[in-house]
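The values are calculated or read from the model by the stated rules, or taken from the named source; none is laboratory data. A quick note: this is a predicted structure, and the numbers were derived from the prediction, not measured. Neighbour counts run over all protein chains shown; Cβ positions are idealised from the backbone, glycine included.
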Amino acid sequence: MSNTANPERGGWHGFESGQALLAAAAGLLAAAVVAQTAAAGLTQPRVAVAFGLLVALGELVRISLPGGRESAPIAAAGAIGYALLLSVGGVPAGHGAVQVIAVTAIGMIVGALPHVAVGRSPRLDSMARRLFAVTAVALCFRPLASWLPTVERQVWVILVVMLALLALAGLVDILIASMVRTASLHIRFLTALRDELRAQTALGVAAGATAVLIALATHAMGIMALLVFTAPLLVTQVAFRRYAGIRATYLQTIRALSRVTEVGGYVESGHSRRVSALAVGVGRELGMSEPDRLMLEYAALMHDIGQLSLRDPIPGGATVLAAAEQRRRIAEYGAEVIRRTGVLDHVVEIVRRQADPYCPDGVDTTLPLASRIIKAAGAYDDLVGSSADRDRQAAALERLRLDTVEYDPAVVEALSRVVERFAAASSL
Amino acid sequence: MRSLPRPAQVYICVIVALAVLVIAQAPLGAIDWPTLLVLALLFFICESFATLLPSEGRVHVSVSFSATLASVVLLGPVGAAVIGAVALFAMRRDGLPLVKRVFNGAQFALSAYAAGVVYELAGGYTGVPTGEDFSWIIIPFVVAVVTYVLTNGLLMIFVLVLTQGVQSVRGHGGALAPSVVPYLGYGMFGLLIAALWGTLGPLSALLVLLPLFAARWAFAQHAAQQAAHEATIAALCQAVETKDYYTRGHSERVSRASVMIAREIGVRGGRLEAIRFAGMLHDVGKLGVPTKVLQKSGSLTEEEFAAIQLHPMRGLEIVREIGFLDEALAGIMHHHERMDGRGYPMGLVGDEIPEFARVIAVADAFDSMTSTRSYRDARTVDQAIEELRRWSGRQFDPEVVDAFIKAVERHGWQRPEPEPRLPAGALETAQHDHDDPSVPLRVTGDGDK
């Protein structure tokens, strides 16, 4: 079975130069601020330790989100709350931006240690991202803190400033995340930006609200408020963890069950997974959004499920060699199976139309992009299989390229780039 | 309202009258109207956007619950009752009938009023808390939350009993008990709102509730994905079954029977989930058995029998990577082992057979016997149970068989609609069933097996 690296599935996949640079910059920043704080001494050490502990705790219980993302909302809320702190139970907070960054960095490292101890390598890029977001807020707000009116007099002014800075933190976070994903997933920057906005906003808003809550509650009620006012965010975090868990399980199940056609001898071993890896690669090339790519992946995994209706398997499972009529019947039956789930409506349409020609007589504008992609990727894999023979790959691509009635030329071009990249990756 | 039984009508009228009385008798001047308006708006928004938060079991807590409890501290009993009554106007997508709306409003109002009275009796101070008295109100507040949950629960249970009978509550009873803890948790968020009201005013509610709204979104997504996951597994299992006309619904029923047995022998929580899916997926490997072997009439050759014996392994090959199945994987692989060691694929004996496999084996055989097959009609439940007893100890684990019989006695068993048997040759169907213990597979040269 081909084991195509799929970074959307999480985990640590190679240390690319952009990410290395990011992590190095964060490391330098952390070292510098910690050194300076050590030299100058901590201002209000009890408060610093309390917030540091909250950051460490948040980092310890960080969560994985769908799409291979990592998030630590509690750590973020704690760190930004510390950056936005005005006073602790009436005593003005005297710490500067450097101390905020240092406390955050140390908290993050302490919280990450148990993960390292059990062998989970840290996602340095996402830790760096969180540190930079906090840095942005701290650098803007700490010098301002003594100029602001008191909470009792003009709470609105303070809130407007805080919200503006939270937006800034969110922006920094999402921009860096998008750049990292643009490089690692080979997608367009704008696609990545849109994906990040969609994936991070809900949790980001919750963390931001909690950061403001922590800062103002600590002002009114002292340091104990830290513990109490993190509780709502804890509920949020539990909810997102569960959501991410079921998403991963779902994908895992579909990936596993997509093999029924292989075990039944209908298609070659590994066909569904290779087609899905190719299809998702093409989807990224063509700028499909993350939810669309997920539907594409599901559809690609299940695209041959309709072959179960055949009494006898097609030789080699290669639908590209079957008659058009039979191909259409398989697609229809596969769509029917998926329709019975009652939930995957998009996937039904994609699978149903995978056998339709791209350009019967004039371009068919209603044919979904995902169907065109699966059609091309499926045909390519039928012709090449798990073979790594470059000549055979080139011949298969040429055959698809020439058949402009069946296959979308733009999709075939993107497919050839994906094939090129996979070949380069496997020859490393 | 007309369709409700008479006692239920009386009960609802009494509750509504009480709620109206409670609110009407209060001196209006004593209420902090601006705060009340803001909280009412907040409650209205929370209720209108079906903001349910899940807890253990089936009972859901609404985000509006936090707003109500905040009003107990900020406004006192009457104000809280007014806030609760706002439920009457909430816009819900599910479009509750008027009777339910009115009853909901009344029972929220009464619960909130009761909580407010108890809060004051326990020494709680009504109004915006200041820094010093914050810790003093914690205990009265907890007592108030408990009062609210209890009053609410009791009012609901009575209306359920009166409208749907005692039976309906018995099912709910178990679900209500463990849900008290999350109620307490979400109730405490009301205290957070109240505590910051002095500093931030209504914004404190917004900041506390925003994470809860995000949580509620994620919980809803989780529920939707879970349902999708289940539906997808079921649909794919069905697709596998289409290879044989008679085995439609087999996976789903084996899953149901396996869960009945598992419950009976004390399997709970995640393990119960796992066995449910394992029951559904147990025969997925049958796809690896050539159709012509499944549909062959007469004796099987050794090779063909071997192909059938391999299907649990093929199933395992497919589902192995589904992480959450965990110990259920062994259940799928060994569901054709026999207690006397004459099963397949490994020939395990007695306790060597994993528990889940012993459970699925009984469920599987039972459903096979109570379904129509091309070579015989469906048996009745009693006949099938008799057959299970006969093979208990040799093929099946006696404890599992007993547990299943008990479960069937308690909950009954819905046999599949007896399929009309097709005239021979009308459709290609299996001529034997590897799951049917009463008619063992015939293998050439092994006539007495």
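In table form, for the structure just shown:
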| quantity | calculated |
| --- | --- |
| Residue within the range B:229-244 that is out of contact with any Asp or Glu (no Cβ under 6 Å at 6 or more places or on another chain), more than 12 Å from chain A (Cβ to nearest Cβ), of a type in the set (Ser, Thr, Tyr) and more than 30 Å from A:ILE214 (Cβ to Cβ) present | no |
| Within the range A:225-245, considering residues that are at the interface with another protein chain (Cβ under 9 Å from one of its Cβ atoms) and either within 19 Å of B:ILE322 (Cβ to Cβ) or part of a loop (DSSP other than H, G, I, E, B) (or both), the one farthest from the chain's Cα centre (by Cα) | A:PHE229 |
| Qualifying residue in the range A:204-217 (condition: assigned to a helix (DSSP H, G or I), within 25 Å of A:LEU344 (Cβ to Cβ) and modelled with pLDDT of 90 or more) | no |
| Tally of residues being facing chain B (nearest Cβ under 7 Å) and either without any contact (Cβ under 8 Å) to a residue 40 or more places away in the chain or of a type in the set (Gly, Ala, Ser) (or both) across the range A:260-274 | 2 |
| All positions within the range B:250-280 that are within 14 Å of another protein chain (Cβ to nearest Cβ), within 19 Å of B:MET369 (Cα to Cα) and among the hydrophobic types (A, V, I, L, M, F, W, C) | B:MET280 |
| Residue count, the range B:281-296 (criterion: at pLDDT 75 or above and away from every other protein chain (no Cβ under 12 Å)) | 2 |
| Top-ranked residue in the range B:187-226 [being farther than 21 Å from B:LEU74 by Cα and more than 7 Å from chain A (Cβ to nearest Cβ); ranked as surrounded by the fewest Cβ atoms within 10 Å (Cβ to Cβ)] | B:ALA224 |
| Qualifying position, being surrounded by fewer than 21 Cβ atoms within 10 Å (Cβ to Cβ), under 30 Å from B:MET313 (Cα atoms) and either within 12 Å of chain B (Cβ to nearest Cβ) or over 19 Å from the mean Cα position of the chain (by Cα) (or both), among A:LEU257, A:LEU251 | A:LEU251 |
| In the range A:344-369, residue nearest to the other protein chains (Cβ to nearest Cβ) [restricted to those that are assigned to a loop (DSSP other than H, G, I, E, B) and crowded, with 18+ Cβ neighbours inside 10 Å] | A:LEU344 |
| Test for A:ARG129: is it touching a Gly at 6+ places or on another chain (Cβ under 6 Å) and away from chain B (no Cβ under 14 Å) | no |
| Pair list, Cβ under 7 Å, 6 or more apart: the range B:308-319 residue within 10 Å of B:GLY288 (Cα to Cα), other residue among the basic types (Lys, Arg) and modelled with pLDDT under 85 | B:HIS311/B:LYS286 |
| Check on A:ILE246, closer than 20 Å to A:ASP195 by Cα and free of Cβ contacts under 8 Å to residues at least 60 places away in the same chain | yes |
| Test set (1) part of a helix (DSSP H, G or I); (2) out of contact with any strand residue (DSSP E or B) (no Cβ under 9 Å at 6 or more places or on another chain); (3) at pLDDT 85 or above - B:GLY270 fails condition number | (3) |
| Long-range neighbours under 7 Å by Cβ, at least six apart or interchain, first residue not assigned by TED's automatic domain parsing to the domain that holds B:THR372 and modelled with pLDDT of 95 or more within the range B:398-418, second surrounded by 16 or more Cβ atoms within 10 Å (Cβ to Cβ) and among the aromatic types (Phe, Trp, Tyr) | none |
| Verdict on A:ALA209 being more than 14 Å from chain B (Cβ to nearest Cβ) and closer than 22 Å to B:LEU207 by Cβ | no |
| Failed condition for A:ALA248, given (1) part of a helix (DSSP H, G or I); (2) among the small types (Gly, Ala, Ser); (3) farther than 22 Å from B:ALA224 by Cα | (3) |
| Residues of the range A:379-428 classified as among the polar types (S, T, N, Q), assigned to a helix (DSSP H, G or I) and touching a helix residue (DSSP H, G or I) at 6+ places or on another chain (Cβ under 8 Å), total | 2 |
| B:ALA235 vs. criteria out of contact with any His (no Cβ under 6 Å at 6 or more places or on another chain), of a type in the set (A, V, I, L, M, F, W, C) and farther than 28 Å from B:ASP397 by Cα | yes |
| Residues located in the range B:257-267, provided they are part of a helix (DSSP H, G or I) and buried (at least 17 other Cβ atoms within 10 Å of the Cβ) | B:ALA257, B:SER258, B:VAL259, B:MET260, B:ILE261, B:ALA262, B:GLU264 |
| Only one of B:LEU53, B:LEU42 that is modelled with pLDDT under 85, crowded, with 17+ Cβ neighbours inside 10 Å, outside any helix (DSSP H, G or I) and under 33 Å from the mean Cα position of the chain (by Cα) | B:LEU53 |
| Hits in the range B:249-278 (condition: of a type in the set (D, E, K, R) and closer than 21 Å to B:SER368 by Cβ) | B:GLU252, B:ARG253, B:ARG256, B:GLU264, B:ARG276 |
| Residue count for the range A:156-174, restricted to those that are without any contact (Cβ under 8 Å) to a residue 12 or more places away in the chain and either more than 14 Å from A:LEU84 (Cβ to Cβ) or more than 21 Å from the chain's Cα centre (by Cα) (or both) | 5 |
| Only one of A:LEU124, A:LEU168, A:LEU144 that is farther than 20 Å from A:VAL205 by Cβ, away from chain B (no Cβ under 14 Å) and either in contact with an Asp or Glu (Cβ under 8 Å, 6 or more places away or on another chain) or surrounded by fewer than 17 Cβ atoms within 10 Å (Cβ to Cβ) (or both) | A:LEU144 |
| Counted residues, the range B:207-222 - those being more than 26 Å from the chain's Cα centre (by Cα) and in contact (Cβ under 8 Å) with a residue 60 or more places away in the chain | 2 |
| When residues of the range B:322-359 are limited to those that are among the charged types (D, E, K, R) and over 25 Å from the mean Cα position of the chain (by Cα), the one surrounded by the fewest Cβ atoms within 10 Å (Cβ to Cβ) | B:ASP351 |
| Residue list for the range B:297-340, filter: more than 14 Å from chain A (Cβ to nearest Cβ) and part of a loop (DSSP other than H, G, I, E, B) | B:SER297, B:GLY298, B:SER299, B:THR301, B:GLU327, B:HIS334, B:HIS335, B:HIS336, B:GLU337, B:ARG338, B:MET339, B:ASP340 |
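Every residue, every condition in (1) under 23 Å from the mean Cα position of the chain (by Cα); (2) surrounded by fewer than 23 Cβ atoms within 10 Å (Cβ to Cβ), yes or no:
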residue	(1), (2)
A:GLU152	no, yes
A:ILE176	yes, yes
A:ARG181	yes, no
A:ARG188	yes, yes
A:LEU197	yes, yes
A:ALA206	yes, no
A:LEU213	no, no
